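Take a look at the structure set out below.
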Amino acid sequence: MEILYFFAKTGFYATALVTLAAAILVVTLRNLFHCALALILSLLGVAVTYLYLKAEFLAIIQILLYIGAIMTLLIFAIMLTHRLTDRSVSQTNRQSLPAFALLAVFNIFFIASLAAVPWKINSASLAAKIDTQALGAFLMGPYVFPFEIISIVLIIALVGAVILGRTDQ
Amino acid sequence: MAYAYLIPVFPFIAFLIIIFNGKRLKHQSAAIAIGGSLLAAAVSTVVILNTLKGATYSHTFEWIRIGTFSLNFGILIDPLTAMMLFVVTYVGSMIFIYSVGYMHEDPRFSRFFAYLSLFMASMLGLVLSSHYVQLFIFWELVGLCSYFLIGFWFEKPSAAKAGMKAFITTKIGDVGFLIGLFLLFTCAGTLQFKDFTPEFLAAKTQAGGGLFALAAILIFAGACGKSAQFPLHVWLPDAMEGPTPVSALIHAATMVAAGVYLVARSFVLFAQFPQALEVVAVIGTITAFMAAFIALTATDIKKVLAYSTISQLGYMMAALGLGGFSAGTFHLMTHAFFKALLFLGAGSVIHGTQTQDLREMGGLFPRMKITSLTFLVAALAISGVPPLSGFFSKDEILLTAYESGSRVIFLILLVTSFMTAFYMFRLFVLAFLGKPRKKIHAHESPAVMTVPLSVLALFSAVLGIPGSPYWNHWFQGFIHGGHAQEIHVNLFVVKCSVAAAFSGIALAVILYRFLPKVPEWLAKIFKPLYLVSYNKFWLDELYQLIFIGPFKKISQLLFRFDAVIVDGAVNQSAVQTVNLSALKNWFDQHIVDGTVNGVAWITQRMSRILRKLQTGLIQNYLLILLLGLLFTIVIGFYR
Amino acid sequence: MTPIPLNHFVIFSLFLFSIGLYGTLTRRNVIGILMGIELMLNAANINLIAFSRYISPNPETGQIFVIFVIVLAACAAAVGLAIVLAMYQNRKTVQAEDIHILKW
Amino acid sequence: MAETIDQIFVLAKDRFLDLLGIVLPDWIILLVRILISIAVLLAVAPVVMMYMTWLERKVLGRIQNRYGPNRVGIFGLLQPIADGIKMLTKEDIVPKNADQVIHFLAPVVIVIAPLLVLAVLPFGRNMIAADLNVGLLFFLGVSTFGVIALFMGSWASRNKYSLLGGMRAFAQMISYEIPMVLSVVPVILVTSSLSTAAIVEAQLGWKWFIFTPWGGFAALVFFLCGVAEVNRTPFDLPEAESEIVAGFHTEYSGMKFALFYMAEFISTFAISGLAVTLFLGGWDGPAFLPSWFWFGLKTFILILIMIWFRGTLPRFRVDQLMGFAWKVFLPFTLANIFIAALWALLPYPKNFIADTIGITVILTLLQIFNRKETPKKRKYLYAN
């Protein structure tokens, strides 16, 4: 059995690597459509990471919403703003080098500081099983107010998008 | 009775609706105005019926409190008010309906009805007032409406001028009224109608009532202005420039009667002072005679009626002045109806013939049957032919005059009565009988005009009955608040009156129907008299000479003073200011502006360098943000 | 059986965030910037879940916040893409550098 | 005996694993247990797809008064295999301008989604490959991959018709996904579970949701949306031959084309299966026949209905298609959630009445608000 856990852990690191690689592709590829596909892969990796954190519901939601809705929207926008045979020029602007340097420093500092933090692991939470019903109860119980607010925000965004998108005036 | 305050409110609401929605409502505004007046009439009917049962009503509320004194406005309903309500709402409603037809083509149709509604509301408010100050407010409001409506066709310079003339002339009287109110308040300490009882006045005037009498006479001056009595009557003939329904409503039936109403309302006060009463009687008599005399020669159909109105108002005043309270008010009521009818009939004629000049009319009878017949009824009524309403009311005035012992007044009034009959039938014959003197395509007016005519004719015919011996002088009893009045019929006076009426009618018919040359011949013979009448006693010219001319002179003098001395001072100071400003200007330009510009110059130079920082590229900003964040982290790390 | 250390999740999310930020900083195309932002949001989500799972006494809280974040991301994407489309229709460009008329 | 037949596949799997357990360690058994399910699904799915094509051609043939395939094998039963051989041996043409990688990836990705969703379908009692507690959501989530793959194919082809087809598919699938998910919500509401197995359990004993007022309509909406989701007639605008050649797979040939077809048919099967699971009681049925038989029979009937649609109905216009989703399905399914909530809240006779009233009201309102504005009869001034 131990070996299965080992496989599983290896799976996590593999997923992380694939996710990061896909993310790097997202920010470096020239063809925006390829970027979008790489982003889908990256988001899938994140969904798998959620599974490792025992958040199945969120993993599925990630797929349903991010890949099913947001990414389709994004690809649609790409289609509408690009020609089929768009041989685009450089996709990065002039500040890539300073940005990279700054981010490198940023990461170094962050990892260095992370190593110094003694996390207090809560083993009860770690072992807890959170099913969808519990989440629903939470959303409808203590978090009902933010839940309602977020639905209003969603409606506003919807209306806003429709108004922005209309061309006939 | 507690709902009586609604009576003026309805027309006022109609006014508000129309004045703010006139453009949109167009001809529907008439419906709103008529609705308002009919509602007012309905409520008034209820109030009147209650009053007939002997009820009176008075309600006051505090309007303003000044120290210990509080101004209490309110509603007072007694028989006099009830009668006025009856006149204003019924005659008013009829005229409203009539106006739909008369004003139909007018571009300012809805505004006309707005003004009419406002006038109606103000007049009803005036009638319902329980306080002199309240009455004065409404008094001015009706004056304002009168001004609006006389100048309704303000494109015509004559109409605009007539409006101003009416306004200013009545204001002269109103100043007297106001001063009279001040005096009265000083003497009596109250202006509440119900406080003025004979006992109260008797108590107050024990020390001597000179000021009271003066106050009464000054109040009468206000009434003179409003009711177009002798020195201040000149505005009313000119007011005929307004639309005919206005002449009928305001300048015949209601507003001009307000003066009479005021005197009647203050009758207790007047009755206390014979001097004041005498003034009223004399002025009334003079007015009655003079106006009738002028009316003899007037050629404008409306002018004739206007002078007739003045004359009849003089009758009322004379009656009141002679102590005939019931006679004056009775005549006020009957006169309102038949004079409104006369004006509306004249309006119908004008509407049909497009002319106002009597000399151009003639032979209208076959073409305008309803108008002619109703006009005839009214003419007979005003002439005092029994048993129409005018006969009874005028007869009572004559009786009052006869019994007052002043034979001169009685004779003058009797002659006036004769003249009234004469000029009315001169008018009737010239307008309706004979052959057309000019080619005019006369036609009968629409039903919306003739129906009110018929209704008013009915009222004109029968309204005398309640005050006649047949009804045992019921009206006189009612107006005195239920005290039955002992009035004995004096057959001599009746005979005189009837004789005057019939002789006047006969003479007019003979002269103008059968001997058309004779009037011209008569005019030549009595040329001075004719000229006096034709030129209205030169009163307008007299006023021009006495008041307006010197006033203009003074104005010119003052203008000179203004131009030379006042303006000179002002100009001089301006010149000095300009010089000083030039100095300041230099200082401003070189020193203040120099500093400001210098700062601006420096800022500009700095900005030119610094604005390079703002690239407009959001990602650039984000990078800087990241740099800042990193900086913060590093500082936090090595702190 | 030991769980995966928390720091590994955090560092994973840090890298993801950095890559997303890099994309946001360097992409010339507005849609590319939007993609970078999505990556950053995801990194934040991983952190939320990881910390709530490992440290918080209520492991559900983080997940609920992630739901909110996903909804907000959807809103941002919808409105953002609508803006991009409007921009493309009006100015025929989706390059972030070309949109700087409010500069001076 | 009946029990044995009912569980025959499960028993076979267990026996096999027991045999393996003699020689192999536990963890390999665990893996094999999973792998067997996967292998079975992977093996069954193409067979199902092949015989669905045969079935479709045969039934369409009968509808159109002809025989359909009848040369290869008895009743043409070997026709799919012949087709497969033909597809495999055909030349694989890739357009010169195409985005090579994505053009290749698209057909691969597109079959993944329908194969994945088969895992959460309960084919019979205890016959579910992965009983996830978010199974239903998994099904809906994963099936959205189809859109992406389809889009990849249409974009990579560098062909106008492909792109148009892709756009149409995109709009259509996005639009119909919303009422589809909303029509499922009442089921979740009543069973308070997202697990497909639990949903079937809740319907055991003829308490199929299709027999409830809300369930009947929800099933109808779900089924129609499902037909739209898999781009079948009358919702086949993305591949409308008369308008845009063949839509998103215009530039595909050979086995890649076959993969698109396979995806479509497996999706059809999966959607039918999910409809059966959600509304038709899943594998529930009289016990004299095994549970998997009942599941198969119901699915088969739904597939037949889809083929019947294809044989009879003309294609929608684009505006009709969109209007149908947004103006009819969406409001109805939204209202249906409340109606189902009423069903769950009230006791038996009352809830039936309340639901009937609710559905009547919402249908009437839809009727009123979607009334077609008939243009006024034209008046000709100068012509007659």
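The values are calculated or read from the model by the stated rules, or taken from the named source; none is laboratory data. What you see is a predicted model; the values in this text were computed from it and never measured. Virtual Cβ from ideal backbone geometry, glycine too; neighbours counted across all protein chains shown.
Just for segment B:587-639: of the residues that are among the charged types (D, E, K, R) and surrounded by 11 or more Cβ atoms within 10 Å (Cβ to Cβ), which one is farthest from the chain's Cα centre (by Cα)?
My answer is B:Arg611.
Report whether or not D:Leu330 is under 13 Å from D:Cys225 (Cβ atoms) and assigned to a helix (DSSP H, G or I).
Spelling it out, D:Leu330 is indeed under 13 Å from D:Cys225 (Cβ atoms) and assigned to a helix (DSSP H, G or I).
Condition (residue is crowded, with 24+ Cβ neighbours inside 10 Å and closer than 22 Å to D:Ser37 by Cβ) applied to segment D:161-173: is it met by at least one residue?
There is no residue in segment D:161-173 that is crowded, with 24+ Cβ neighbours inside 10 Å and closer than 22 Å to D:Ser37 by Cβ.
Residues checked against (1) among the charged types (D, E, K, R); (2) at the interface with another protein chain (Cβ under 7 Å from one of its Cβ atoms); (3) buried (at least 17 other Cβ atoms within 10 Å of the Cβ); (4) in contact with a helix residue (DSSP H, G or I) (Cβ under 6 Å, 6 or more places away or on another chain):
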site	(1), (2), (3), (4)
C:Tyr22	no, yes, yes, yes
C:Gly36	no, yes, yes, yes
C:Phe51	no, no, yes, no
C:Ile55	no, yes, no, no
C:Pro59	no, yes, yes, yes
C:Gly62	no, no, yes, yes
C:Val71	no, yes, yes, yes
C:Ile99	no, no, no, no
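List the helices (runs of 4 or more DSSP H) inside segment B:133-239, counting only whole elements, that have at least 3 residues being aliphatic (A, V, I, L, M).
Because the criterion is at least 3 residues that are aliphatic (A, V, I, L, M), the helices (runs of 4 or more DSSP H) in segment B:133-239 that meet it are B:157-188, B:198-204, B:210-227.
Can you say whether D:Gly153 is buried (at least 24 other Cβ atoms within 10 Å of the Cβ) and either more than 20 Å from the chain's Cα centre (by Cα) or at pLDDT 85 or above (or both), as far as the supplied structure shows?
yes
State whether the residues of segment B:278-298 include one that is touching a residue at least 60 places away in the same chain (Cβ under 8 Å), acidic (Asp, Glu) and touching a helix residue (DSSP H, G or I) at 6+ places or on another chain (Cβ under 8 Å).
No, segment B:278-298 contains no residue that is touching a residue at least 60 places away in the same chain (Cβ under 8 Å), acidic (Asp, Glu) and touching a helix residue (DSSP H, G or I) at 6+ places or on another chain (Cβ under 8 Å).
Give segment C:16-32 a look and list any residue that's under 20 Å from B:Ile624 (Cβ atoms) and in contact (Cβ under 8 Å) with a residue 60 or more places away in the chain, or say none.
Answer for segment C:16-32, where residues must be under 20 Å from B:Ile624 (Cβ atoms) and in contact (Cβ under 8 Å) with a residue 60 or more places away in the chain: C:Arg27, C:Arg28, C:Val30.
May I ask you to list the residues in segment C:38-49 that are at the interface with chain A (Cβ under 7 Å from one of its Cβ atoms) and under 20 Å from A:Pro118 (Cα atoms)?
C:Ile46, C:Ile49
Yes or no: segment B:268-291 includes at least one residue that is assigned to a helix (DSSP H, G or I), over 14 Å from B:Leu413 (Cα atoms) and in contact with a strand residue (DSSP E or B) (Cβ under 9 Å, 6 or more places away or on another chain).
So far as segment B:268-291 goes, no, none of its residues is assigned to a helix (DSSP H, G or I), over 14 Å from B:Leu413 (Cα atoms) and in contact with a strand residue (DSSP E or B) (Cβ under 9 Å, 6 or more places away or on another chain).
Quick grid of which residues meet (1) assigned to a helix (DSSP H, G or I); (2) farther than 30 Å from A:Pro98 by Cα:
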site	(1), (2)
B:Glu520	yes, yes
B:Gly549	yes, yes
B:Phe559	yes, yes
B:Trp601	yes, yes
B:Gln604	yes, yes
B:Ile609	yes, no
B:Gly616	no, no
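Collect the residues in segment D:302-316 that are exposed (fewer than 15 other Cβ atoms within 10 Å of the Cβ) and part of a helix (DSSP H, G or I), keeping them in residue-number order.
Those that are exposed (fewer than 15 other Cβ atoms within 10 Å of the Cβ) and part of a helix (DSSP H, G or I): D:Leu304, D:Ile305, D:Trp308, D:Thr312.
With the requirement that a residue be surrounded by 15 or more Cβ atoms within 10 Å (Cβ to Cβ) and either acidic (Asp, Glu) or touching a helix residue (DSSP H, G or I) at 6+ places or on another chain (Cβ under 7 Å) (or both), what does segment D:317-333 give you?
Listed by number, the residues that qualify are D:Leu321, D:Met322, D:Ala325, D:Val328, D:Phe329, D:Leu330, D:Pro331, D:Phe332, D:Thr333.
For segment A:56-147, please list each of the helices (runs of 4 or more DSSP H) lying entirely inside it that holds at least 1 residues being more than 23 Å from D:Glu177 (Cα to Cα) and more than 12 Å from chain D (Cβ to nearest Cβ).
A:72-81, A:96-115, A:123-127, A:132-140
Quick one: D:Lys58 ticks every box in (1) crowded, with 17+ Cβ neighbours inside 10 Å; (2) touching a residue at least 60 places away in the same chain (Cβ under 8 Å) except a single one, so which number is it?
Condition (2) is where D:Lys58 drops out.
Taking segment A:22-39 on its own, how many of its residues are out of contact with any strand residue (DSSP E or B) (no Cβ under 8 Å at 6 or more places or on another chain) and buried (at least 24 other Cβ atoms within 10 Å of the Cβ)?
Final tally of qualifying residues: 6.
Of all residues in segment D:140-152, which are part of a helix (DSSP H, G or I) and touching a residue at least 12 places away in the same chain (Cβ under 8 Å)?
Within segment D:140-152, D:Leu140, D:Val142, D:Ser143, D:Phe145, D:Gly146, D:Val147, D:Ile148, D:Ala149, D:Leu150, D:Phe151, D:Met152 meet the criteria.
D:Ser143: within 12 Å of chain A (Cβ to nearest Cβ) and in contact with an Asp or Glu (Cβ under 8 Å, 6 or more places away or on another chain), yes or no?
Judged against the criteria, D:Ser143 is a match.
With respect to the numbered conditions (1) buried (at least 24 other Cβ atoms within 10 Å of the Cβ); (2) at pLDDT below 80, which one is the sole condition not fulfilled by D:Thr299?
Checking D:Thr299 against (1) buried (at least 24 other Cβ atoms within 10 Å of the Cβ); (2) at pLDDT below 80, the one that fails is (2).
Please determine whether any residue of segment B:295-302 is under 24 Å from B:Ala421 (Cα atoms) and under 14 Å from the mean Cα position of the chain (by Cα).
No, there is no match, as no residue in segment B:295-302 is under 24 Å from B:Ala421 (Cα atoms) and under 14 Å from the mean Cα position of the chain (by Cα).
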